[in-house]
Amino acid sequence: MDFSIKQEHQGILDTAAKVAREDLLPRAADIDLKSVHTTESWAAIWENGLLGTTIPKDYGGLGLGLLESTMVLEKLAAGCASSTASFHMHTVVQRYIDALGTVQQKEELFSEVVNEGKLFGSWGSEPGTHGGAAPVKVVVNRAKEGYVMNGTKHFCTMAGACHRAMVHTNIPDKDGNRRTIMVMVPTWVEGVAITGEWNTLGMRGTVSPSVTFDNCFIDENALLGEPGEVEEKGIEQTFALGDAAIYIGIAQGAVDWFKEYAKSHTFDPSPQPLSHDLLLQRRVAEMTQRLEGARYVLYSSCQRYWEESNMGRWYLVSKAKYLASEAAVFVSNMVAAGLGGRIAHRRYPLERMIRDIRTATLMPPSPDRCLEVIAKYELGIDDVQLASRWGS
Ligand SMILES: Cc1cc2nc3c(=O)[nH]c(=O)nc-3n(C[C@H](O)[C@H](O)[C@H](O)COP(=O)(O)OP(=O)(O)OC[C@H]3O[C@@H](n4cnc5c(N)ncnc54)[C@H](O)[C@@H]3O)c2cc1C
């Protein structure tokens, strides 16, 4: 397959790599230690023109396709996993707005991003509901001159920092049946309250506590599309392609750090740098080859995604997410085996990278779900219920 990209896109990837190195990486340790929002890193992403990667050019964005925007995430993640994971949520929301929004909604919402550097969260997961975003318990009901929303979400990345959150909700359609609809909720309005804490193993800077909506009033303009329309757009699964890129990116950052350490340090009694040790060389080869394989499958999944049937998309995404998670966890094991106890020290970035990588299997789809989907596709089983179990 040909993954060559246009020259203008290469410039964007070079910018992303520079932002990762110069703006995100120097802040990553402090953000992780304090478990705080990555505000300055997001500002750097905006100031370097990357916040609107998935906004069409007509609305002032970069108009990147799935492959190129995924590559941007991979570059950024090598600098800071948390900033990139939250930025990723934001970019997928932009895809939803583009697919479902009216011209007026697009003009208003995209202008907030391009001109003001505002961020959008995506809040789907719910406490007490296994399987992530489905079935949706947060409900929206008609009220005078708008709607009211009630319920609780958890794992709300950027709660307290994003300007609006795209909340996955449930609304009655014209026949009274409840269907999914995305609602762009202004996070500053009455009835929105952060109700949980965020103090986690990894991805500590995503700051993703619980949020409760208590008779929260929403105006007509906040709803994206018609009830149920979102289910036909095929955007939900693209979250996992971005996650795959992020975990490959973090793991690549870990490998790069490991290689530099090996080239510049000796272990007694050998006078040569660690990089001359045969066992270490083998570890480097295994890590880089696993990452290269995962990257190849990710890129080809991105390239083929929009041409595929629904089941074909689940399959492509499951392969990409499974192999990326496996490769990243493998890298975390190999760097730990290669450098021993010293990597447990906070003074080395590997300690943080390993904790961030560990969250790979928690993000949907889980390895169990990926394997189920891959096997069903291989066996020719078209599982129409898959969407309702995708979240875990
Ligand atoms: C750092 C981080 C940031 C996140 N940010 C966001 C965000 O911004 N927005 C958002 O919406 N979500 C977010 N999430 C949540 C993430 O999407 C969820 O972790 C994911 O949806 C999986 O859901 P879960 O963790 O509740 O796992 P579950 O679905 O509860 O699965 C846990 C285990 O239970 C099993 N299981 C599932 N259903 C059943 C059942 N019925 N019976 C028996 N076993 C079952 C699964 O197979 C799995 O082994 C974030 C998570 C993390 C870690």
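Below, the figures for the structure above:
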read-out: Per-residue SASA entry for S264, accessible area with 1.4 Å probe, Å² rounded to 10; value: 80 Å²
read-out: Those lysines that a straight Cα-Cα span of less than 24 Å connects to K144, excepting residues fewer than 8 apart in one chain; value: K174
read-out: Electrostatic dipole magnitude of the chain [Cβ: Lys, Arg +1; Asp, Glu -1; Cα centre; debye, to 20]; value: 1000 debye
read-out: The chain - percent relative contact order, Cα under 8 Å, separation 6 or more; value: 17 percent
read-out: Mean residue ellipticity (222 nm) of the chain, computed from DSSP H runs ≥ 4 via -39,500 (n - 2.57), nearest 500; value: -16000 deg cm²/dmol
read-out: Positive-pole candidate from S111, S35, I343, dipole of the chain, charges at beta carbon; value: I343
read-out: The stretch 108-180: GluC sites (Glu not before Pro) in DSSP loop, at most 12 other beta carbons within 10 Å; value: E145
read-out: Sites D58 and K137 - FRET efficiency at Förster radius 41 Å, r taken between beta-carbons, to 0.05; value: 0.65
read-out: Apportionment of accessible area to carbon and sulfur, the stretch 183-223, percent (1.4 Å); value: 49 percent
read-out: Accessible-area order (highest first, 1.4 angstrom probe) of the listed residues K6, K18, K174, K106; value: K174, K6, K18, K106
read-out: Coil-residue chymotrypsin sites (Phe, Trp or Tyr not before Pro) of the stretch 107-202, DSSP, other Cβ within 10 Å capped at 14; value: W188
read-out: Of K137/K319; K6/K106; K321/K376; K57/K106, those spanning more than 22 Å from alpha-carbon to alpha-carbon; value: K137/K319; K6/K106
read-out: Neighbour-limited loop hits for chymotrypsin sites (Phe, Trp or Tyr not before Pro), the stretch 263-331 (at most 16 other Cβ within 10 Å; DSSP other than H, G, I, E, B); value: F267
read-out: Shape category assigned to the stretch 237-389 from the gyration tensor of Cα positions, a/c cut at 1.5; value: prolate
read-out: Heavy-atom surface of the chain, accessible at 1.4 Å and reported per residue (Å²); value: 44 Å²
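The values are calculated or read from the model by the stated rules, or taken from the named source; none is laboratory data. All figures in this text were calculated on a predicted structure; none of them were measured in a lab. Cβ atoms come from the backbone with ideal geometry, glycine included; neighbour counts cover every protein chain shown. Surface areas here come from the heavy atoms of the whole protein model, side chains and all, with no ligands, DNA or RNA. Shrake-Rupley method; radii C 1.70, N 1.55, O 1.52, S 1.80 Å.
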